[in-house]
Structure formats: C-alpha cells, structure tokens
Amino acid sequence: KLSRLATIYILILKILYDEQMASVSSSNHVVVTLGMLNGKAGDFHILTGMPSPTEMRKTIALLKKYQILVMEELDENSRMVIYPCINTVLVGDDVRELLGTFSEEEYSGDETAVQGTIKDMPE
C-alpha cells in the first residue's frame with residue numbers, strides 16, 4: 001500500500017515523463033527537479049501545501065527502491081532521472097482518471113474546472 005504522497009508523485013512523474021517524451025527527445029530517461037514535481041502537483045490542486053521534508057524523503061526513497069527514479073540529494077533544484085519503467089506502473093488514461101479522483105477529494109464543489117483541466121492534458 002502506497003502513501004498518498006507516493007501515489008501523487010507517481011502520477012505526476014508519469015505525466016512529466018509523457019510530456020517530455022512527447023517533445024523532441026532522443027533519450028529514454030527524463031530529467032526533472034523536485035520543484036517541477038511539486039509545482040505540477042500544485043497545478044492540479046492535489047497537494048494542499050508543501051509536504052514535510054521527512055515525508056518527501058520517505059517517498060523518494062520508496063520510488064528509488066522500486067527503481068522508478070534516481071535522485072542524489074533532496075533539494076528543490078536537484079535533478080532526478082525518471083526511468084522508462086514508469087510506463088509499466090501506469091498508462092496515460094489511468095493517470096488522468098486517478099488525478100480526477102484526487103481533485104474530487106479536494107474540490108468536491110468545483111469539479112467542472114478540474115475535470116476540464118484533466119481532459120485538456122496531452123495524451
């Protein structure tokens with residue numbers, strides 16, 4: 001069983017991976033920062049605030065354990081490499097559906113704006 005933050009990070013990592021692979025990229029690995037990861041989660045309104053450093057460390061350690069990413073230091077500007085195995089964890093459509101459930105939890109009264117954002121995501 002994954003923590004809420006781990007689930008959110010996996011979803012956002014998949015989105016970031018798909019976005020960067022859709023751009024002109026000849027690499028199998030995608031490089032992002034922790035700041036980009038938290039920023040994208042904020043864009044979808046699925047994080048109410050910044051997670052604690054301890055919670056982020058535990059989550060990053062879990063993702064490293066399952067070889068989803070590699071990251072040396074826990075810093076907003078530290079680079080992390082997302083491995084292609086993120087594709088085996090989730091398919092793009094599953095990500096959109098799960099993000100919708102997180103958004104519905106946070107904004108039960110404002111579903112239309114959030115769903116419109118999720119539908120407009122690139123494939």
### Query
Hey, what do the phi angles of segment 76-88 turn into as Karplus ³J(HN,Hα) couplings, whole Hz, using 6.51/-1.76/1.60 and θ = phi - 60°, x for Gly and Pro?
4, 9, 5, 7, 10, 9, 9, 7, x, 5, 4, 5, 7
### Message
Report, to one decimal in Å, the Kirkwood hydrodynamic radius for segment 1-45 based on all distinct Cα pairs.
### Response
11.2
#### Entry: Which of 14, 64, 1, 40 is most accessible, then next, and so on - probe 1.4 Å
1, 64, 40, 14
## Note on the structure
Those chymotrypsin sites (Phe, Trp or Tyr not before Pro) from segment 1-96 that are DSSP loop and have at most 16 other Cβ neighbours within 10 Å turn out to be 66
### Task
Compute the relative contact order of segment 47-89 as a whole-number percentage, counting only Cα pairs closer than 8 Å that sit 6 or more residues apart in sequence.
27
### Message
Using amide H atoms built in the peptide plane, which far-off residues or other-chain residues are under 5 Å from residue 69 H to H?
### Response
64, 83
### Summary
Full extension between residue 97 and residue 74 adds, at 0.36 nm per residue less the Cα distance, a length in nm of 5.4 nm
### Query
Straight-line reach from residue 1: which lysines have Cα under 18 Å away, leaving out those fewer than 8 places along the same chain?
58, 64, 65
### Task
Ignoring everything but the protein chains, give the 1.4 Å probe accessible area of residue 81 in square angstrom, nearest 10.
40
### Task
Enumerate the amide H contacts of residue 33 below 5 Å, restricted to partners 5 or more residues apart or on another chain; note that Pro and chain-start residues carry no placed amide H.
80
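The values are calculated or read from the model by the stated rules, or taken from the named source; none is laboratory data. Worth saying up front: this structure is predicted, and the values here are computed from it rather than measured. Note that we place each Cβ from the backbone using ideal geometry, even for glycine, and neighbour counts take in every protein chain shown. When the accessible area is computed, the model is the full protein with side chains, heavy atoms only, and any ligands, DNA or RNA have been set aside. Shrake-Rupley method; radii C 1.70, N 1.55, O 1.52, S 1.80 Å.
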